[in-house]
Structure formats: C-alpha cells, structure tokens
1. Given labels modelled 7 Å from the Cα in the Cβ direction, how far is it in nm from Ser94 to Ala29?
2. Taking 0.36 nm per residue of separation and subtracting the Cα-Cα distance, what length does fully extending Tyr22 through Asn115 add?
3. Along the positive direction of the dipole of segment 1-86 (beta-carbon charges: Lys, Arg +1; Asp, Glu -1; about the Cα centre), which of Asn19, Ser67, Ala4 reaches farthest?
4. Averaging sequence separations of C-alpha pairs under 8 Å and six or more residues apart, then dividing by the length of segment 2-139, give the relative contact order as a whole percent.
5. Order these by the 10 Å Cβ neighbour count, fewest first: Leu108, Leu48.
6. Ratio of alpha-carbon Rg to the 2.2 N^0.38 Å globular estimate for segment 30-113, to two decimals, please.
7. Pulled fully out, how much extra length does the chain show between Ala79 and Leu133, if you take 0.36 nm times their separation in residues and subtract their Cα-Cα distance?
8. Taking amide H atoms as placed 1.01 Å from N in the peptide plane, list the residues 5 or more away in sequence, or in a different chain, whose amide H sits under 5 Å from that of Val109.
Amino acid sequence: MYDAFAENYLAHARDGVFNALYDRPAVLAVLGPVAGLKVLDVGCGPGLYAEELVFRGARRVVGVDASSRMVQLARRQVAGPVAFHRQDLQAPLSWAADGEFDAAVMPLVIHHLDNRVAALREIARVLRPAGRLVISTHHPTETGLTMAAATSPWRRSANGGSGAGR
Ligand SMILES: C[S@@+](CC[C@H](N)C(=O)[O-])C[C@H]1O[C@@H](n2cnc3c(N)ncnc32)[C@H](O)[C@@H]1O
C-alpha cells in the first residue's frame, strides 16, 4: 500500500509540521546521542530518519521497510554508512545477528502492524542488552478524525468551497 504513497509521503514528511517539527525532534531527543552507534531504523520509509542519524554521527544505520518504493527512495536520498533492506517487520530479521544494534527507532510504524509482538521480539533480539528502542505513534483519535473528515458532507469540495449542501 505504501508504494503508491511513497513520493507524497516524502514530500510532506520532509518539511511538514507534524513530521519535521514534532515527531522527528521528539523521537531523536528521547533517543539521545547516536555518535558512534549502530542504529536500526525500523519502518524507515524514504530515509528521513536515517539521513538525520547519519548527520548526527551514527557509525552505521540500517533501515528496513516493507515498501520497495520507500526503500528505493531511501537509497536515493541518503548517503554515507547506510544500508536499506526490504523487510516485512512481521517476519524474522534473519540477516541480523543477536545484539548487533546499539539503538533502534520505530517512528509511526507500529500502528500498521497486526503482529506487533513478533516485530518487537525481533527488534529486542537484534538490540544489544540495554540497547535503546524509541517508538512513536499517532494519537488514537487521529484515525477517527481523519476518517470523519474524509466522509463528512462538510468537507471542502475540489473547487475550494464547503461540500455542505452541494
Ligand atoms: C508513516 S510511514 C513512517 C516512515 C518513517 N518511519 C518516518 O517516520 O518517516 C510508515 C512506514 O511503515 C512501513 N510499514 C508498514 N507496514 C510495514 C510492515 N509490515 N513491515 C515493514 N514496514 C512497514 C510503510 O511502508 C511506511 O514506510
């Protein structure tokens, strides 16, 4: 599903208020310094986190995402000590050794997964003991509000006016 939205996601998440001024700063602040660390970027999307982690001095960043288009964009966007793999997070990270990562971020991904336990178990396996994992997700009301806005007769019509009464 994310293949179809990959370009749009990159365009809005790079500078959009929610991603650029709220989610990324908050997650990276909780994560703390990454200089010299090997970091797993779980559900990396088009690589906006990976780019920042490299900028902040991570020794290596490995991004994984189920969407081949997202992985393609990430490979194009981010230079430096990075690798991106196509990976469904509900399947084992069989290419990764136990404890090989110092830290991991999983921003705005967990609500897409049906089998969160399997994904978190694998992330725990590949993190070193006391390694850090920072997760972000949407507020639970957001999906409901978005759906309500999309189906409301009051939504704005394509010509810019209110849809009400048309
Ligand atoms: C909202 S985007 C977040 C991207 C990135 N973490 C960021 O914050 O910019 C959600 C990402 O989760 C990925 N995703 C959804 N389900 C997945 C799964 N089962 N396995 C791996 N990635 C998945 C999507 O392809 C998409 O890139």
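1. 4.2 nm
2. Net length gain for the segment: 30.8 nm.
3. So the residue we want is Ser67.
4. Computed over segment 2-139, the figure is 24 percent.
5. Leu108, Leu48
6. Rounded to two decimals, the normalised Rg is 0.99.
7. Separation in residues times 0.36 nm, less the Cα-Cα distance, equals 17.1 nm.
8. Ser136
Values in this text are rule-based calculations from the coordinates and carry no lab data. Only a predicted model underlies this, so the values are computations on that prediction, with no experimental measurement involved. With ideal geometry, Cβ positions are generated from the backbone for all residues, glycine too; neighbour counts draw on all protein chains shown.
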